[in-house]
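Participant: A single structure is presented below for examination.
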Amino acid sequence: MGKDILDVGSYSIIKRIGTGARSTIYLATDEEDGTRVALKRVIFERPEDSRIFEQVDTEHKVAHRIDHPYVRKCFQLRKMRSMFKVKQMLLAMEYFEGKNLEDCSTLSLGDVLLVFRMIASGLNAMHQHGFVHCDIKPNNILINKSGSIKIIDLGQSCKIGTVKPRIQGTPDYIAPEQVKRKPLGPKTDIFNLGATMYWALTGKHAPTMIPKKNKFGLPIIEPRRAPHELKKQLPVGISKLVMDCIEDDPVQRPRNMMTVMSRLDLMVHSIFGGKIKTNKNASNNN
C-alpha cells in the first residue's frame with residue numbers, strides 16, 4: 001500500500017503507525033529536507049467520506065495557524081484529483097512518538113495533573129487564535145516517554161461562536177451545547193477537558209446528554225457523582241475543579257482556560273511542593 005503513496009510525491013514511507021476513520025497514518029520522510037512526518041492518507045470510497053475529507057481539510061487549516069508545543073502541527077495538505085474530483089488526500093503532520101492517554105494506565109495523580117495542565121495550555125493557545133477543539137478525549141492526547149504531550153485530531157475544530165449543522169463530538173465527553181447545537185466556544189473545550197479528567201481520575205465516564213443504553217436500548221440515567229466520592233483518596237479540590245468544568249450550564253463553568261490552568265497550577269504545586277517549574281514559553285500567549 002505504501003508504493004502508490006510514493007508515486008504521488010516526495011515522501012518515503014517507513015511504516016504504518018495507525019488507522020482511523022477512513023484513514024491510514026504512516027511514518028514517512030520528507031525527501032526534500034529529510035524531516036520525519038506522520039502522513040495521514042484518506043481515500044474517497046463512498047459519498048459519506050466527504051465528511052472525512054472536510055475534517056482533514058479543517059485539521060490542516062486550523063493546525064497550520066497554531067504554533068504551540070502541545071498542539072500537533074500540520075505542514076502540508078495535498079489533494080489528488082480524478083475526473084475533477086478530489087479522490088485522495090495526504091496530510092503531512094508533525095511526528096510525535098507517544099501513546100494516547102487511554103493507553104497510559106500507570107500515571108500518578110501528580111503526573112495526571114501535569115498532563116492536564118499541558119493540555120489546558122495548548123487549548124488556551126487555540127482559544128487565543130479564535131478556535132475551539134471540540135473533541136478533547138483520551139484518544140486525542142498523546143504522551144511521550146519524557147512526559148510531554150500533543151493535542152491531535154483537530155478535524156472537528158471550529159471558530160469560536162460556530163453553530164454546527166449536526167451534532168459532532170464523542171458521546172462520553174460531549175458538552176450539552178454540542179448536543180443542543182448551540183454556539184460553541186472555549187467553555188465547550190472546558191467541558192470536554194473536565195470529562196476527560198473525570199475519566200483519568202476515576203476510570204469511569206461522567207454522564208453526558210448522550211446517555212448509555214441498556215440491553216433493551218433504553219437510556220441509562222446515572223447520577224453524576226464527584227470524583228472524590230468514587231475514589232476516596234482524591235483531594236476534594238481536584239474533584240471540585242472537575243465538577244466545575246462539567247457543569248451543564250456553560251455560565252457555571254470556569255471563566256476561561258486560563259482559570260483552569262491557574263487552579264491546576266495550585267494543585268500541582270501543592271503536590272510537588274514547588275519543585276516543578278512551569279514551562280513559561282508553553283504557558284504564555286503563543
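None of the figures in this text is laboratory data; all of them are computed from the coordinates on show. Just so we're clear, the structure is a prediction, and the values are computed from it rather than from any experiment. With ideal geometry, Cβ positions are generated from the backbone for all residues, glycine too; neighbour counts draw on all protein chains shown.
Participant: If one computes the Cα centroid of the stretch 202-250 and of the stretch 59-75, what distance in Å separates the two points?
Facilitator: Result: 31 Å between the Cα centres.
Participant: Have a look at T29, V42, F75 and report the one farthest towards the positive end of the charge dipole of the stretch 2-94, computed about the Cα centre with Cβ charges (Lys/Arg +1, Asp/Glu -1).
Facilitator: After comparing all options, I get V42.
Participant: Pick from T170, T162, T106: which is most flexible by mean-square fluctuation in a GNM of the chain where alpha carbon atoms under 10 Å apart are linked?
Facilitator: The residue that fluctuates most here is T106.
Participant: Three principal axis extents, largest first, for the C-alpha atoms of the chain, in Å?
Facilitator: Here the spans come out as 58, 49, 34 Å, largest first.
Participant: Taking amide H positions as placed 1.01 Å from N in the peptide plane, with prolines and chain starts having none, which residues 5 or more places from R225, or on another chain, fall under 5 Å of its amide H?
Facilitator: Amide H neighbours of R225: none.
Participant: Further question on the same structure: Based on DSSP loop calls and a cut-off of at most 16 other Cβ atoms within 10 Å, the longest stretch of the chain free of exposed GluC sites (Glu not before Pro) is what? Numbers along the way, then the final one.
Facilitator: Numbers: sites that count: E31, E32, E45, E97.
Here the longest segment lacking exposed loop sites spans 98-286.
Participant: Under the rule of -39500 (n - 2.57) per DSSP H run of 4 or more residues, summed and divided by the residues of the chain, what mean residue ellipticity at 222 nm is obtained, to the nearest 500 deg cm²/dmol?
Facilitator: -10000 deg cm²/dmol
Participant: Using amide H atoms built in the peptide plane, which far-off residues or other-chain residues are under 5 Å from I167 H to H?
Facilitator: none
Participant: Here is a follow-up. Is the C-alpha gyration tensor of the stretch 86-151 telling us rounded, prolate or oblate? Criteria: a/c under 1.5 is rounded; beyond that, a/b larger than b/c is prolate, otherwise oblate.
Facilitator: Oblate shape, in that a/c is at least 1.5 and b/c is the bigger or equal ratio.
Participant: Something else about it: With the crude spin-label approximation of a point 7 Å out along Cα→Cβ, what separation in nm comes out for Q252 versus A226?
Facilitator: Using points 7 Å along Cα→Cβ, the separation is 1.4 nm.
Participant: Here's something else I'd like to know. Please return the longest range in the chain lying between exposed loop sites, taking chymotrypsin sites (Phe, Trp or Tyr not before Pro), DSSP loop only, at most 12 other beta-carbon atoms within 10 Å, and leaving the sites out.
Facilitator: Between exposed loop sites, the widest span is 85-215.
Participant: Here is a follow-up. Check C158: other-chain or 5+ apart residues with amide H under 5 Å from its amide H, H built from backbone geometry?
Facilitator: V132
Participant: Using 1/(1 + (r/R0)^6) with R0 = 41 angstrom and r between the beta carbons of S10 and Q128, what's the FRET efficiency to the nearest 0.05?
Facilitator: Result of the calculation: an efficiency of 0.75.
Participant: For a 21 Å ceiling on Cα separation, which of these pairs sit above it: K99/K215; K61/K145; K137/K212?
Facilitator: Details: K99/K215 32 Å; K61/K145 29 Å; K137/K212 17 Å.
K99/K215; K61/K145, as the Cα separations exceed 21 Å there.
Participant: Based on the Cβ-Cβ distance from F84 to A21, what FRET efficiency comes out when R0 is 35 Å, to the nearest 0.05?
Facilitator: Computed FRET efficiency for F84 and A21 comes out at 0.90.
Participant: Pull out a ≥ b ≥ c, the square roots of the eigenvalues of the alpha-carbon gyration tensor of the stretch 2-94, then state rounded if a/c is under 1.5, prolate if not and a/b is larger than b/c, and oblate in the remaining case.
Facilitator: oblate
Participant: So what J values fall out for the stretch 252-261 if you push phi through Karplus, 6.51 cos²θ - 1.76 cosθ + 1.60 with θ = phi - 60°, rounded to Hz, Gly and Pro as x?
Facilitator: After applying 6.51 cos²θ - 1.76 cosθ + 1.60, I find 7, 7, x, 4, 7, 5, 4, 5, 4, 4 Hz.
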